[in-house]
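**Student:** Quick one: this structure, given as structure tokens, is what I'll be asking you about.
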Amino acid sequence: MQIYDSVQKIKVPFEPIRKGEASIYVCGPTVYDDAHLGHARSSLAFDLLSRTLKALGYKVTLAKNFTDIDDKIIKKVEESGKSMEEITSYYINRYFEEMEALGVQRADIEPKATESLQAIEAMIQKLIDKDVAYIISNGDVYFDTGKDAHYGEISHQVGDDEDNQSRVEHTSEKRNPKDFALWKACKGEEDICFDTAFSSGRPGWHIECSAMIEKYFEGTEKYSIDIHGGGADLLFPHHENEAAQSRCATGHELAKYWMHNGFVQINGEKMSKSLGNSFFLKDALKVYDGEVLRYYLNSVHYRNDFNFNEEDLLTAKKRLDKLYRLKKRVTPGKGSSTNKAFKQSLLNAMSDDLNISIALSVIDEMIATTNEKFDANPKDKALKKETIANIEFIETLLGFGGKEPFSYFQIGVDEALKEKIETLLEERTQAKKAKDFTRSDTIRDELISMGIAIMDTADGTVWEKA
RNA sequence: GGAGCCAUCGCCAAGUGGUAAGGCCGCAGCCUGCAAAGCUGCUAUCCCCGGUUCAAAUCCGGGUGGCUCCUCCA
């Protein structure tokens with residue numbers, strides 16, 4: 001397995017810190033709002049990583065956190081009058097539902113910041129004791145970036161401060177402009193606070209990941225985990241800061257490899273609230289099938305930016321349709337074993353830093369050659385069993401192709417419409433028998449105008465929802 | 001101001017030194033009552049300029065055009 005390490009900026013062989021195992025921690029969402037397509041893409045990217053490592057035989061432990069305490073959540077609490085727990089649990093549940101619709105496997109560990117306060121306090125205390133963290137007059141605790149000789153090595157972002165007209169404010173009691181809050185002290189009565197030895201308050205954003213990784217992963221002398229992942233925007237300052245805290249607190253590096261997924265744009269524009277084009281996953285799922293969304297969002301390499309638009313999504317659906325049409329040819333039935341060359345080609349593609357484009361082309365080729373063989377010999381039992389196994393492997397590795405194929409083509413068709421379609425098809429079959437092609441073609445046109453495509457096969461007429 | 005990323009057929013997108021994968025669309029054909037589906041065949045010299053090399057989409061330099069981070073952000 002080769003993966004692209006964002007720190008070294010090259011593809012490197014994946015050599016886990018424990019033989020045969022892979023420990024992965026991905027930065028999850030701050031649960032103050034619905035998940036958008038960017039969350040989906042990140043989740044999907046690391047789902048692909050996890051599935052690939054599993055298929056290669058690694059014992060994968062995946063952790064994905066929920067930031068369930070932060071300024072935006074507190075603001076929402078104040079505005080809504082609801083409790084923090086009500087708000088965060090609502091969005092966490094929505095997140096799970098929506099990710100499930102995309103076929104994202106659940107993480108093995110799903111920690112929340114509020115459930116990790118002891119670990120957070122312990123790590124901050126450790127940093128204070130080592131004098132890499134300091135408390136300012138209002139009770140805030142800051143990390144002293146000047147004490148970490150390796151600060152900046154993760155993101156390559158921190159140069160000489162003279163050249164760096166950063167927009168970070170220099171006005172506070174911070175020792176260095178890049179110093180960041182480990183702990184934010186209580187500001188007022190309404191604030192949500194937790195008591196600690198240093199002050200009553202709540203954790204800063206970066207500390208939770210470091211603390212939770214220490215809490216849940218055993219690590220080795222050199223690293224806490226194998227891979228730390230997240231969106232490209234997290235590289236700096238979030239991951240730089242995590243790395244610094246962990247390094248200073250534990251004496252070793254946080255992660256051996258760092259992976260970051262690219263951004264989602266909408267019709268060529270950055271997705272943002274100010275542009276009013278935030279695309280929530282829940283809205284996308286109202287219009288498009290989750291599996292099609294999965295296929296589409298995963299069809300571009302995870303490190304590239306992704307430009308979401310409906311035309312490309314429909315193209316992706318057409319491609320997925322072809323897999324399901326092949327599946328129709330082999331359903332029902334039981335699989336035997338996968339075609340070795342096919343399986344190996346897929347694994348090779350995914351082993352190259354998740355080269356999904358090659359993987360999809362391998363699948364397309366399999367579909368074409370299998371169809372060709374079935375065209376020549378429709379009753380090929382061995383081929384049928386092998387094809388079933390091949391598709392099952394696709395489902396395991398890439399997370400699509402698992403549906404019953406006839407129902408896949410009927411998504412969004414209710415019972416009433418279904419009955420109407422069946423009635424029209426029956427009438428058309430009679431017309432065809434009577435050689436009344438004018439009538440049969442009229443019926444076909446009517447069905448097409450309803451968004452229903454039909455195809456005459458040796459076994460009768462079948463239909464698909466476009 | 002600082003730090004990066006990207007630019008390949010009409011569209012999406014692989015390929016990081018050895019002579020351009022795959023999908024969509026389009027065209028031709030097989031199949032079909034006609035279609036659809038499926039299959040077959042056809043369709044690019046890689047943003048521009050210069051350099052290195054026997055050989056470059058791939059390396060180097062300079063442009064042009066997009067994008068990201070440095071502030072909460074997947």
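None of the figures in this text is laboratory data; all of them are computed from the coordinates on show. Keep in mind it's a predicted model, so treat the numbers as computed, not measured. Here Cβ is always computed from backbone atoms with ideal geometry, including for glycine, and neighbour counts include all displayed protein chains.
**Student:** Once the convex hull of the C-alpha atoms of region A:39-110 is built, how many Å³ does it hold per residue, rounded to a whole number? Present the calculation step by step, with values, prior to reporting the outcome.
**Tutor:** Numbers: hull volume 6.1 nm³, N = 72.
Hull volume normalised by residue count: 85 Å³.
**Student:** Moving on. Excluding residues on the same chain fewer than 8 positions from A:Lys420, give the aspartates and glutamates whose Cα lies under 17 Å from its Cα.
**Tutor:** A:Asp441, A:Asp445, A:Glu446, A:Glu464
**Student:** What ranking do A:240-246, A:58-64 get when scored by the average of other Cβ atoms within 10 Å per residue, highest first? List each step's numbers first, then the result.
**Tutor:** Details: A:240-246: 26.9, A:58-64: 21.0.
The densest-packed peptide leads the list: A:240-246, A:58-64.
**Student:** While we're looking at this one, here's another question. If neighbour count is taken as other Cβ atoms inside 10 Å, put A:Phe406, A:Phe180, A:Phe437, A:Phe198 in order from fewest to most.
**Tutor:** Working: A:Phe406 15, A:Phe180 21, A:Phe437 11, A:Phe198 18.
Ordered by Cβ neighbours within 10 Å, fewest first: A:Phe437, A:Phe406, A:Phe198, A:Phe180.
**Student:** When only C-alpha pairs under 8 Å and at least 6 residues apart count, what is the relative contact order of region A:415-465, in percent? Before the final figure, lay out each step's value.
**Tutor:** Working: 33 pairs, mean separation 11.5, N = 51.
The normalised contact order for region A:415-465 reaches 23 percent.
**Student:** Separate question: Using only alpha carbon pairs under 8 Å that are at least six residues apart, calculate the relative contact order of chain A and give it in whole percent. Intermediate results must be reported in sequence, preceding the final value.
**Tutor:** On the way: 685 pairs, mean separation 75.6, N = 466.
About 16 percent, as a whole number.
**Student:** Separate question: Measuring from the lowest to the highest alpha carbon on each principal axis, how far does region A:354-466 reach, largest first, in angstroms?
**Tutor:** The principal-axis extents, from largest down, are 50, 32, 21 Å.
**Student:** Still on this model: Counting only DSSP beta bridges with both residues in chain A, tell me the antiparallel percent, nearest 5.
**Tutor:** Working: 23 of 46 bridges.
Percent antiparallel among DSSP bridges in chain A is about 50.
**Student:** Placing unit charges on C-beta atoms (Lys and Arg positive, Asp and Glu negative, everything else neutral), compute the dipole magnitude of region A:415-465 about its Cα centre in debye, rounded to 20.
**Tutor:** Details: 9 positive and 12 negative charges, 31 e Å.
Around 140 debye, computed over region A:415-465.
**Student:** Okay, moving on. Divide, for region A:1-121, the radius of gyration over alpha carbons by 2.2 N^0.38 Å, where N is the residue count.
**Tutor:** Values: Rg = 16.5 Å, N = 121, 2.2 N^0.38 = 13.6 Å.
So the Cα radius of gyration is 1.21 times the expected 2.2 N^0.38 Å.
**Student:** Given the DSSP H assignment, sum -39500 (n - 2.57) over each helix run of at least 4 residues in chain A and divide by its residue total; what's the result at 222 nm in deg cm²/dmol, nearest 500? All intermediate terms of the calculation are to be shown ahead of the outcome.
**Tutor:** Details: 15 runs with 203 residues, N = 466.
Value at 222 nm, helices only: -14000 deg cm²/dmol.
**Student:** Restricting things to alpha carbons, tell me how big region A:415-465 is in terms of Rg and Dmax, in Å.
**Tutor:** Gyration radius and largest Cα-Cα distance of region A:415-465: 10.2, 30 Å.
**Student:** With +1 on each Lys and Arg Cβ and -1 on each Asp and Glu Cβ, how big is the dipole of region A:339-416 about its Cα centre, in debye rounded to the nearest 20? Display every interim value, and only then the final one.
**Tutor:** Numbers: 8 positive and 13 negative charges, 87 e Å.
With Lys and Arg at +1 and Asp and Glu at -1, about 420 debye.
**Student:** Right, next: What dipole magnitude, in Debye to the nearest 20, does chain A give about its Cα centre under +1 on Lys/Arg Cβ and -1 on Asp/Glu Cβ? Walk me through the numbers on the way to the answer.
**Tutor:** Details: 62 positive and 79 negative charges, 446 e Å.
Computed charge dipole of chain A: roughly 2140 debye.
**Student:** Okay, next question. For region A:180-324, just the Cα set please: Rg and Dmax, both in angstrom.
**Tutor:** Using the Cα atoms of region A:180-324, the pair Rg, Dmax is 20.3, 62 Å.
**Student:** Can you sort A:Leu425, A:Leu285, A:Leu320, A:Leu49 so the residue with the fewest Cβ neighbours within 10 Å comes first? Show your work: numbers first, answer last.
**Tutor:** Details: A:Leu425 19, A:Leu285 16, A:Leu320 22, A:Leu49 26.
Sorted ascending by nearby Cβ count, the order is A:Leu285, A:Leu425, A:Leu320, A:Leu49.
**Student:** Using only alpha-carbon positions, what ratio does the radius of gyration of region A:310-410 give when scaled by 2.2 N^0.38 Å?
**Tutor:** Details: Rg = 13.3 Å, N = 101, 2.2 N^0.38 = 12.7 Å.
Rg over 2.2 N^0.38 Å, computed on Cα atoms: 1.04.
**Student:** Further question on the same structure: Taking all pairs of distinct Cα atoms, average 1/r, flip it, and tell me the Kirkwood hydrodynamic radius of chain A in Å to one decimal place.
**Tutor:** Values: mean 1/r = 0.0400 Å⁻¹.
When all Cα pairs of chain A are included, the Kirkwood radius is 25.0 Å.
**Student:** Over region A:310-466, what is the relative contact order in whole percent, taking alpha-carbon pairs under 8 Å and six or more residues apart? Walk me through the numbers before you get to the answer.
**Tutor:** Details: 124 pairs, mean separation 33.8, N = 157.
Computed value for region A:310-466: 22 percent relative contact order.
**Student:** Can you pull out the cysteines in chain A that have no other Cys Cβ under 4.7 Å?
**Tutor:** Among the cysteines of chain A, those whose Cβ sits 4.7 Å or more from every other are A:Cys27, A:Cys209, A:Cys248.
**Student:** Another question, if that's okay. Which order results if A:His238, A:His260, A:His156 are arranged by neighbouring Cβ count within 10 Å, fewest first? The partial results should precede the final answer.
**Tutor:** Numbers: A:His238 19, A:His260 23, A:His156 13.
Taking fewest neighbouring Cβ atoms as first place, the list is A:His156, A:His238, A:His260.
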